[in-house]
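Written out below as structure tokens is the structure these notes cover.
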Amino acid sequence: MLPFFARPNIMAIPLAGRAVITGAASGLGRAISQQLAGCGWTIAAVDLPDADFTGLQESVAAAGGVTLPFPFDVRERVGWEQLADRLQAEWPSIDLVVTAAGVGATGEVGTLPMDQWQRVIETNLLGTVIGCEILLPRLRQQTSPSRLLAVASIAGLLAPPSMAAYSASKAGVIALAEAIAGECRGQPSVTIACPGFFRSGLLNSWHFTGKVERREAQRRMEATGWTSERVAERALAATFAGRRYLVLGRQARWLWRLKRLAPTLATGLISRVYHRLGR
């Protein structure tokens, strides 16, 4: 197996597969949907009812794929059950599940409103849990190969200051995916994507407690060379290569290495940078 910091080989996406993708109407979910559509995939697209499903369907169709829209909040079990029932009747198998739906909030512990803690944890972690609870029994039982791409974040590994809620939710996704990998023993295969900052619409749904956090997030978003399309390409390559972890971004990879070797030093370094921003 390749080390966590190695660049994955770009592998061809199988033709005419079937994928369930959450957060499919925007950002990384949409970019993954479009890349799969280029290989003739059918996408069961999960997103909020007010999401741009029309634009998604048009872009997927233009690339050669098909979209089945499922407008519901990933926190709602009934929506997942209805999706599973329909796919059980219409699809012979599910080849890929991508959990890309997510929201965020920034604020130090003790300052972030409790409703924001609940929104972030319930969407990012429990939304992923519910989907896996409902879909995994079928993935385990089917004879054709299946894959799970769990979209986490470098924040789930590094837990930077003022991002406790988001980091906790993504750390939970990482732990969940690792447990699934141990339980399922390859069916489905599990890939955990931990990107750093990349250009997407995530900040549109982000809650900022302070101006410093908002300014820094916007600066990092504008400065990064990573796009949703680029992250999608690398995440799919890692998934179909059978990689367990994909950490994207040079700084993110080095900080994760440092934390594994010297956790106190890494936390201290991140803390100093954070408090310097406040000044």
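Every number here is computed from the coordinates shown, using simple stated rules; none is lab data. Keep in mind it's a predicted model, so treat the numbers as computed, not measured. All Cβ positions, even for glycine, are placed from backbone atoms using ideal geometry, and neighbour counts span all protein chains on display.
Of note:
- Taking Trp226, Trp256 and counting other C-beta atoms within 10 Å, the order from fewest to most: Trp226, Trp256
- When the charge dipole of the stretch 18-249 is built from unit charges on Cβ atoms (+1 for Lys and Arg, -1 for Asp and Glu) and taken about the Cα centre, the candidate among Gly249, Leu68, Ala159 whose Cα reaches farthest toward its positive end is Gly249.
- Full extension of the chain segment joining Arg244 with Thr224 gains 4.7 nm, where the gain is 0.36 nm per residue of separation less the Cα-Cα distance.
- The relative contact order of the stretch 18-249 comes to 21 percent, based on Cα pairs under 8 Å that sit 6 or more residues apart.
- Efficiency of FRET from Cβ geometry, Leu203 and Ala16, R₀ 35 Å, rounded to 0.05: 0.50
- Relative exposure of Lys170, Lys211, judged by other C-beta atoms within 10 Å (fewest first): Lys211, Lys170
- Per-residue Cβ neighbour counts within 10 Å put Cys132, Cys184, Cys194 in the sequence Cys184, Cys132, Cys194, beginning with the fewest.
- Amide H contacts under 5 Å for Arg199: Trp226, Thr227, Ser228, restricted to partners 5 or more places along the chain or on a different chain, H placed in the peptide plane at 1.01 Å from N.
- Efficiency of FRET from Cβ geometry, Ala175 and Arg272, R₀ 25 Å, rounded to 0.05: 0.35
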